[in-house]
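So the structure is just underneath, and the comments pick up after that.
Nothing in this text is a laboratory measurement; each read-out follows from the coordinates by a stated rule. These numbers come from a predicted model, not from an experiment. Cβ: placed from backbone, ideal geometry, glycine included. Neighbour counts: every protein chain shown.
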Protein chains: 2
Amino acid sequence: MQQEKYPSSGSRGEQLLFLTDDQVRQGIELMFFAYRAFTADPDRILENLAYGRAHHRAVHFINRSPNLTVNELLDILGVTKQSLNRVLRQLMDDGLVNSKIGRIDRRQRNLTLTEKGQAFERELSDAQRARMRKAYSSAGADAVAGFRSVLQEMIDPETREKVRRLMEKHR
Amino acid sequence: MQQEKYPSSGSRGEQLLFLTDDQVRQGIELMFFAYRAFTADPDRILENLAYGRAHHRAVHFINRSPNLTVNELLDILGVTKQSLNRVLRQLMDDGLVNSKIGRIDRRQRNLTLTEKGQAFERELSDAQRARMRKAYSSAGADAVAGFRSVLQEMIDPETREKVRRLMEKHR
DNA sequence: CTTGGAAAGTCAACAAGACTGACATATTAT
DNA sequence: ATAATATGTCAGTCTTGTTGACTTTCCAAG
């Protein structure tokens, strides 16, 4: 969280300054504080509605990829079906999510948001996007490219690939 | 998670392209997946030891700022004292954390890690730092600067200032 | 010097959201 | 016909957060 210090020398050490334990530790702390800020706005909305982060995540990805199946959503979220089922049950009971039997494979359930669900999603993501957009524009386009690149590299290649495939499937 | 598309035109719209909803949504998803990856390595170690993320966080900040008080730690972590107390109790009972009565204000408790606690902290942070360092070196110094800058901007100014003060107090 | 309030600790009850394990049902694939 | 898959559900556990109530210790201002 401290101010970064750029040395003026042209030594080889300078090239790797961003890899010192101290720099890396600062990155770790930034991730902690930034993630908390990142979830703060939707959390505030959710706590008035008897929903939690789990509902937000489900709604986000159903909105993003309409008609995705339960298994695909499980894969994205990385939780157990029992855990997800509780959340989906509530969302369906409250009329935010629809579940249709699959056309091709009738065992599957294709999930979509109802209009009410879409409004809910928009309310949450508007709050979250506002913060993100502000951070983006304060930091500038080059910083955003760097931000994205470091986060990408942090994700395991298998996860990255798995998510990439799912995202393009539901174009 | 999709590939970024840079337009070749020089229009004014280009300047703000990275602020489209789609770009911002991709950033949001990156935060989600990257944070999960970010905590995965320490989580794996913790689950064999009957500890959780809360213990990791406490140990991290006690290591980072030896002799910080319970109140300061509460402020950093943003949880209730009851929640933190349970965690600290376990860590003290297990001989990882020491609590000394404050010199100036005897109501305060100054927290430090025992040698055992330091070893524990190192085990966890080595795992986490390895991923971070790898992401940093793959992405490069410029990307790291951008990464840090965007995360900084995402944090509320008050939090940023609060943490900055604490960090420099325990230099 | 007393008293008010801050810092810390503790107890109890509760909830969200994760987990495991077991089992049921429908449907598809072999 | 049988095996495997996709989904749903019941029951129980764990971590980590919450509130509320209460005590002890201690500093500082009246």
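Figures for the structure shown
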quantity	calculated
Acute angle (nearest 10 degrees) that the helix A:81-93 long axis makes with the longest principal axis of chain A, alpha-carbon atoms	60 degrees
Closest Cβ on chain A to the rotation axis that carries it onto B (distance rounded to whole Å)	A:Gly146, 1
Other-copy label distances relative to A:Asp105, 7 angstrom Cα-Cβ extension, nm	6.0
Residue-averaged beta-carbon neighbours from other chains (10 angstrom radius) around B:155-161	4
Residue mean of other protein chain beta carbons inside 10 Å, B:125-132	4
Over the stretch A:31-96: Rg over Rh, Cα atoms, Kirkwood Rh	0.98
Inter-copy label distances at A:Arg86 (7 Å, Cα→Cβ; nm, one decimal)	1.5
Relative contact order %, chain A, counting alpha carbon pairs below 8 Å whose residues are six or more apart	21 percent
Over the protein assembly as shown: Rg over Rh, Cα atoms, Kirkwood Rh	0.99
Proxy reagent accessibility, fewest Cβ within 10 Å first, across B:Asp94, A:Asp156	A:Asp156, B:Asp94
Residue order, fewest to most surrounding Cβ atoms within 10 angstrom, among A:Lys169, B:Lys162, B:Lys134	A:Lys169, B:Lys134, B:Lys162
In degrees, nearest ten, helix A:115-139 long axis to first principal axis of chain A (Cα)	10 degrees
Proximal aspartates and glutamates relative to A:Lys169, as straight alpha-carbon distance under 19 Å, when same-chain residues fewer than 8 apart are discounted	A:Glu72, A:Asp75, A:Asp105, A:Glu158, A:Glu161, B:Glu4, B:Asp22, B:Glu29
Cα radius of gyration and Dmax for the stretch B:95-171 (Å)	17.2, 49
Coarse-grained scattering of chain B at q = 0.10, 0.12, 0.18, 0.19 Å⁻¹, given as base-10 log I(q)/I(0) from a Debye sum over alpha-carbon atoms	-0.52, -0.70, -1.28, -1.38
Estimated inter-spin distance, A:Arg89 and A:Ile101, nm [label 7 Å along Cα→Cβ]	2.2 nm
Within 10 Å of each Cβ in A:34-44, the average number of Cβ atoms from other chains	5
Label spacing, shortest first and in nm, from A:Lys116 to its equivalents in the remaining copies (7 angstrom along Cα→Cβ)	5.4
